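The values are calculated or read from the model by the stated rules, or taken from the named source; none is laboratory data. Model, not experiment: these values are computed from the prediction. Virtual Cβ from ideal backbone geometry, glycine too; neighbours counted across all protein chains shown.
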Amino acid sequence: MRAGRRAAREPRRHLNQDARAEWCRRGHRRRWAAVAAVALAPALASHAGRAETTVRLGEGLTFAPYVLAQLDVGSFSQSRSGGQAAGFNDRRLRAGGRLTVGDQVELGFIWDFGQQPGSQQRLFEAQASYIGLKPFRFTGGAFKTNFGLESLQGAGDYLFLERASIATITRNLAAGIQRVGLQAQADGSRYIASVALTSGRAGLGDDGNQRAVVGRAAGLPIHTGETTLHVGASGEWVFRPANESGKPRALAFSDRTELQIDDVKPSLSTGGIAASSGGAFGPELALTWRRLWLQGEYYQLLVNRRQSGIGDTLTFDGYYAQAAYTLLGKPRTWKPSIGAFGAPTPAEGFNPGAGQFGAVEVGVRYSAVDLNDKNVRGGRQQVYSAVANWWPVEQLRFSLLYEHANVSRGPSPRTLNAVAGRAQFQF
């Protein structure tokens with residue numbers, strides 16, 4: 001009997017190995033493109049000035065190019081097999097830009113050359129915004145919807161290598177990147193508010209027929225020279241979940257353990273839940289005082305499900321709390337256009353001989369997610385993380401991270417310890 005079971009598992013084991021080998025072959029060129037971009041970063045940065053460079057193309061016409069290249073490396077020890085393996089990953093490799101016409105219209109386009117393990121090249125952003133009626137901005141196309149505090153940060157500005165799991169899970173419901181929709185936003189030096197109607201994501205996927213409404217409001221009740229207090233809330237409601245051909249409408253929630261080095265199944269996953277509607281709601285809070293930055297969010301997820309003709313409601317939740325301190329350079333500041341905090345920046349150019357070493361930041365985070373309710377076992381996850389970030393120049397970043405994760409009562413329970421690093425170039 002045991003021999004029969006081993007024989008039954010053997011083909012699947014070989015298929016998994018073949019799939020990983022094929023993923024490595026497909027990612028080889030992208031990985032070395034990321035390596036080249038990071039290797040050339042010091043030379044490019046010496047001519048780049050600030051992280052965003054604007055090129056004047058003519059009267060009332062400007063173009064801001066955008067490049068993001070991230071190369072990750074990681075090593076793992078865990079309590080059971082089947083999790084992420086040590087290796088390299090060109091985590092993000094994106095290029096594009098934004099064209100502004102007469103301070104009235106903005107056109108944005110970004111192409112993604114491979115966002116995560118196992119992914120394909122795809123459209124990341126293609127959007128048009130009317131900005132001629134201040135303080136309003138009206139956007140349509142495929143873009144990152146205004147939802148969540150950490151979700152709105154640029155991928156190059158995260159404190160850690162990845163977002164907290166609850167931020168990833170909630171934004172993937174009806175907001176996040178590549179989301180096709182229409183959004184109206186108003187923002188000023190101390191506030192931001194928006195509402196959007198969204199559908200599926202651009203490119204391949206099975207959620208193109210989804211329909212949802214997304215909203216966010218946030219502001220700075222305290223904003224002085226030394227102290228900034230951010231208070232806000234986000235919400236999203238899917239009133240028509242997506243469905244594949246011949247299958248019922250469903251919602252699903254999943255994420256890995258806040259690292260993406262290898263192409264493996266998520267540590268958290270509810271699978272598809274047949275549902276009539278669902279959403280996520282929660283507050284966001286942040287405080288900066290001199291060089292100290294504190295931030296946290298809490299979300300509750302609701303799913304009105306259909307099961308054998310009988311409806312009930314599932315409830316999941318999660319949160320994170322993180323703290324960071326800028327040792328060198330200029331600390332994080334609030335960006336009114338997104339209502340979130342940018343990355344630290346060097347106070348001066350990189351010149352060790354003159355005692356100029358760029359910007360250095362250290363941080364810690366605790367996050368928790370519970371995707372278990374009634375007969376759904378998506379898993380419970382707790383992650384403790386610590387990180388050190390260094391920007392020798394504004395365009396170049398190096399990160400070193402330690403993570404301890406515990407996943408229980410789900411599809412992939414395990415205890416995990418990881419050490420990971422990142423080299424990043426952003427222009």
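Among the residues of segment 233-240, is there at least one that is part of a strand (DSSP E or B) and under 30 Å from residue 390 (Cα atoms)? Before the answer, list the steps.
Going through segment 233-240, the residues part of a strand (DSSP E or B) turn out to be 233-240.
Within this subset, residues satisfying the condition of being under 30 Å from residue 390 (Cα atoms) are none.
For segment 233-240, residues part of a strand (DSSP E or B) and under 30 Å from residue 390 (Cα atoms): absent.
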Restricting to segment 271-303, count the residues that are within 21 Å of residue 147 (Cβ to Cβ), at pLDDT below 95 and either acidic (Asp, Glu) or surrounded by fewer than 17 Cβ atoms within 10 Å (Cβ to Cβ) (or both). 0
Counting only residues that are surrounded by 19 or more Cβ atoms within 10 Å (Cβ to Cβ) and either over 26 Å from residue 283 (Cβ atoms) or at pLDDT below 90 (or both), segment 232-248 contains a total of 1
Got a number for residues in segment 145-160 being under 17 Å from residue 172 (Cβ atoms) and touching a Phe, Trp or Tyr at 6+ places or on another chain (Cβ under 9 Å)? 4
Segment 68-99, residues that are hydrophobic (A, V, I, L, M, F, W, C), more than 15 Å from residue 122 (Cα to Cα), surrounded by fewer than 22 Cβ atoms within 10 Å (Cβ to Cβ) and in contact with a strand residue (DSSP E or B) (Cβ under 6 Å, 6 or more places away or on another chain): 73, 76, 86, 88, 99
Out of everything in segment 73-97 that is more than 22 Å from the chain's Cα centre (by Cα) and either within 21 Å of residue 427 (Cβ to Cβ) or part of a strand (DSSP E or B) (or both), what residue ends up being modelled with the lowest pLDDT? 78
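Return the total of residues in segment 349-379 being among the hydrophobic types (A, V, I, L, M, F, W, C) and under 23 Å from residue 297 (Cβ atoms).
Taking segment 349-379 first, the residues among the hydrophobic types (A, V, I, L, M, F, W, C) are 350, 354, 357, 359-360, 362, 364, 368-369, 371, 376.
So of that shortlist, the ones also under 23 Å from residue 297 (Cβ atoms) come out as 362, 364, 368-369, 371, 376.
Looking only at that region, the number is 6.
Quick one: in segment 252-289, which of the residues that are among the polar types (S, T, N, Q) and under 28 Å from residue 70 (Cβ atoms) is nearest to the chain's Cα centre (by Cα)?
If we filter segment 252-289 for residues that are among the polar types (S, T, N, Q), which is where we start, we get 254, 257, 260, 267, 269-270, 276-277, 288.
Narrowing further to those that are under 28 Å from residue 70 (Cβ atoms): 254, 257, 260, 267, 269, 288.
On the way: 254: 13, 257: 13, 260: 11, 267: 17, 269: 18, 288: 22 Å.
The selected residue is 260.
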Please verify whether segment 121-144 includes one or more residues that are surrounded by 16 or more Cβ atoms within 10 Å (Cβ to Cβ), closer than 19 Å to residue 282 by Cβ and touching a strand residue (DSSP E or B) at 6+ places or on another chain (Cβ under 8 Å). yes
Residues located in segment 128-185, provided they are more than 26 Å from residue 254 (Cα to Cα), free of Cβ contacts under 8 Å to residues at least 40 places away in the same chain and in a loop (DSSP other than H, G, I, E, B): 131, 132, 133, 134
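Taking the conditions exactly as written (among the small types (Gly, Ala, Ser) and either part of a helix (DSSP H, G or I) or without any contact (Cβ under 8 Å) to a residue 40 or more places away in the chain (or both)), does residue 196 satisfy them or not? Before you say what the answer is, go through the steps one by one.
Details: among the small types (Gly, Ala, Ser): yes; either part of a helix (DSSP H, G or I) or without any contact (Cβ under 8 Å) to a residue 40 or more places away in the chain (or both): no.
When the stated conditions are applied, residue 196 does not pass them.
Please specify each residue of segment 343-379 satisfying the condition of being part of a loop (DSSP other than H, G, I, E, B) and crowded, with 17+ Cβ neighbours inside 10 Å. Talk me through it step by step, then tell me what you get.
Here is the first cut: in segment 343-379, the residues part of a loop (DSSP other than H, G, I, E, B) are 343-344, 346-350, 355, 357-358, 374-375.
Within segment 343-379, 343, 344, 346, 350, 357, 358 meet the criteria.
Looking at this structure, is residue 387 of a type in the set (A, V, I, L, M), in contact (Cβ under 8 Å) with a residue 60 or more places away in the chain and farther than 27 Å from residue 286 by Cβ?
No, not satisfied.
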